[in-house]
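The values are calculated or read from the model by the stated rules, or taken from the named source; none is laboratory data. These numbers were taken from a predicted model, which means no experiment stands behind them. Note: ideal-geometry Cβ built from the backbone for every residue, glycine included; neighbour counts use all protein chains shown. Heads up: the accessible areas ignore ligands, DNA and RNA and are worked out on the full protein's heavy atoms, side chains in. Shrake-Rupley method; radii C 1.70, N 1.55, O 1.52, S 1.80 Å.
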Amino acid sequence: IQDSDKVIVMGHKLPDMDAVGASIGVLKAAQLCGREGYIVLEDVNPSIQRLMAEVKKHEDIFKWFITPDEAMEIVTERSLIVVVDTHRASMVANPKLLEVNRRIVVVDHHRRGEEFIKDPILIYLEPYASSTCELITELLQYLQERVALDAFEATVLLAGMIVDTKSFMHRTGARTFEAASFLRRNGADAALVQNMLKEDLHSYIAKAEIIKHAQIL
């Protein structure tokens, strides 16, 4: 990060809370290193609608969100591109960005597939981790001796972990709870996370209606 003029972060197409949370975590890392960070986001899909509504209330974070076209305008040879929550070039928010700049870092928790981003300068692929947010939370703790997160930054990282673990019921290890504990110490608001994950009444009634007519064969 310190060898770069700016950091451009992007997750996968149709991003979820893990991709957005991890992106905000990398943005924080860039800022701690004294560099400008940008998050590439194309569309706000239903799964992150409530999260992005909360992000908009925090102008100091929201102002760093840019479109794929804006990313193409600001990228330079000295920029660092950080891909989170995917390692497949065809799945990133803006595949053209990977062709323009070869200084690419991949941080992901999915098992490595056949398709992989070509020649990244750093790969942090940990299939045993619960989420990319868990990996980024760990990295942030190594970045500085006493790293302090804003309460909302900690909350979005926790949200990514909660979504990918189904509220800590799946794919959780000791490191998952250690990362969650660090986020809670930094003011992560679990009640706000649950509010962002709440489904609307229409969806709830529709699901209940389907279950009502279910039969066990």
| query | In the stretch 126-138, what residues are modelled with pLDDT of 95 or more and of a type in the set (A, V, I, L, M, F, W, C)? | reply | CYS133, LEU135, ILE136
| remark: Flagged in the stretch 112-143 as over 15 Å from the mean Cα position of the chain (by Cα) and assigned to a helix (DSSP H, G or I), in numbering order, are GLN141, TYR142, LEU143
| note | Taking the stretch 80-102 and the residues there that are at pLDDT 95 or above and farther than 12 Å from HIS12 by Cα, the one that is nearest to the chain's Cα centre (by Cα) would be ILE81
| said: Among (1) open to solvent by 60 Å² or more (accessible area, probe 1.4 Å); (2) in contact with a Gly (Cβ under 8 Å, 6 or more places away or on another chain), there is one condition GLU114 misses while meeting the rest; what is its number? | reply: (2)
| For the stretch 38-50, how many residues meet the condition of being in a helix (DSSP H, G or I) and open to solvent by 10 Å² or more (accessible area, probe 1.4 Å)? | 4
| field | Evaluation of GLU73 against (1) in contact with a Lys or Arg (Cβ under 8 Å, 6 or more places away or on another chain); (2) surrounded by fewer than 19 Cβ atoms within 10 Å (Cβ to Cβ) (one fails), failing number | value | (1)
| Looking only at the stretch 1-37, and only at residues there that are free of Cβ contacts under 8 Å to residues at least 60 places away in the same chain and more than 19 Å from LEU122 (Cα to Cα), the one that is most open to solvent (accessible area, probe 1.4 Å) | LEU14
| Does the stretch 176-197 contain at least one residue that is surrounded by 14 or more Cβ atoms within 10 Å (Cβ to Cβ) and closer than 29 Å to ASP69 by Cβ? | yes
| note | Going through (1) among the small types (Gly, Ala, Ser); (2) without any contact (Cβ under 8 Å) to a residue 24 or more places away in the chain; (3) part of a loop (DSSP other than H, G, I, E, B); (4) closer than 21 Å to ASP16 by Cβ one by one, ALA191 fails only at (3)
